[in-house]
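The structure appears below as structure tokens.
The values are calculated or read from the model by the stated rules, or taken from the named source; none is laboratory data. From a predicted model like this one, the values you see are computed outputs, not experimental measurements. Cβ: placed from backbone, ideal geometry, glycine included. Neighbour counts: every protein chain shown.
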Amino acid sequence: MKIVNNTLIRVTPKDIHKGTFVIPDGVTSIGIHAFYGCSALTSVTIPDSVMSIGEYAFWGCRELTSITIPNSVTSIGRAAFSICIALTSVTIPDSVKKIGEYAFHHCSALTSVTIPDSVTSIGNWAFSGCSCLTSVTLSNSMTYIGDGTFYGCQSLTDITIPDSVTKIHRLAFVNCEKLININIPNTVTYIGSEVFANCDGLVSKPANYKAFCYDRPQLRCRNKDFHINKRGWAKGKIELCKNGIHFCTNLFDIFNYYYGSYGTEFVIALCDVSDEQDKIGAAEAADSKRCARWVRPTHILTREELIALLNNPIKGGEKQ
């Protein structure tokens, strides 16, 4: 064990007794890589003197099953508990203000987590790959969901995003295959790319939805202008991803192709469409993307209408 200026610099396998380690009182920081790869570590006691947990501090501690972080800690560093694959529970105290990128990445045994309201920032990919995570309570102080925050959380079935959040960034919920309920507040103005990709349980009320780049009042797609209650036509052979006017029958799939600030960068409209269409076959993909000879936008969804539709997926429904 090495301690320098009250920072725990390094713990070696010989310092770990029967899988346990007690950090001495007076240590104020767990340094970068302090327990990095200590595969025999099963439990650790952190004293109230510790104020920060450094980057990669417990990275790869594959036998660590639980962790209680004391009320003195204010920050959890990048990848601090990444690949702690036996970690089933973690207690994050009200003192923590920041959780770094990849902090709990691939903690594949973690089943639940509560982020206290003291936390204002959760780094990108913080809980990605937590495949057994079923329950998440988010901080009411955070203002955004970062890139890939819950990427690959395959067991997550529902999540409530607090009113403090205004942005959901790209890939946030990709491969959350069992996610069937999501509650997005009206405060959200920005939704990033592929936020709901491969979330097969999220199926909206079936309709014809088309996104347009928005240059108020102009609707535009592929350099073609569209108008409310007027048909926009395509010439030639109708072929998906090659030629035709594209739309989706599942609202969640729209975000595989359009993203940004809703109402300024893009909008989504309900549409009438021609019978002449091409679509992705069920054997090829679950995506509801289709293209038609013509599309007639009939109503631009307000942000409130959009969020209401996203918050009411069809339970157990199948993509059209």
- [ ] Could you please tell me which pairs satisfy a Cβ distance under 6 Å, a separation of 6+ or placement on different chains, a first residue in region 66-79 that is within 9 Å of Pro93 (Cβ to Cβ) and buried (at least 20 other Cβ atoms within 10 Å of the Cβ), and a second residue that is modelled with pLDDT of 95 or more and of a type in the set (Gly, Ala, Ser)?
- [x] Val73/Ser95
Open item on the list: I'm checking my understanding of the structure. Among residues of region 189-219 that are of a type in the set (Ser, Thr, Tyr) and more than 14 Å from the chain's Cα centre (by Cα), which one is farthest from Asn175 (Cα to Cα)?
Closed with: Tyr214
Open item on the list: I'd like the residue in region 1-21 that is exposed (fewer than 12 other Cβ atoms within 10 Å of the Cβ) and in a strand (DSSP E or B) and, out of all such residues, is modelled with the lowest pLDDT.
Closed with: His17
- [ ] Please verify whether region 179-202 includes one or more residues that are modelled with pLDDT of 95 or more and over 26 Å from Ile161 (Cα atoms).
- [x] no
Task: All positions within region 279-313 that are modelled with pLDDT under 95 and acidic (Asp, Glu) - done: Glu284, Asp287
Task: region 175-216, subset in contact (Cβ under 8 Å) with a residue 60 or more places away in the chain, assigned to a loop (DSSP other than H, G, I, E, B) and charged (D, E, K, R), residue nearest to Asn250 (Cα to Cα) - done: Lys205
Task: Number of the exception - Ser72 against (1) at pLDDT below 95; (2) touching an Asp or Glu at 6+ places or on another chain (Cβ under 6 Å); (3) not hydrophobic (A, V, I, L, M, F, W, C) - done: (1)
Task: Test: residue in region 29-44 that is more than 30 Å from Asp147 (Cβ to Cβ), touching a Gly at 6+ places or on another chain (Cβ under 7 Å) and either in a loop (DSSP other than H, G, I, E, B) or touching a residue at least 40 places away in the same chain (Cβ under 8 Å) (or both) - done: yes
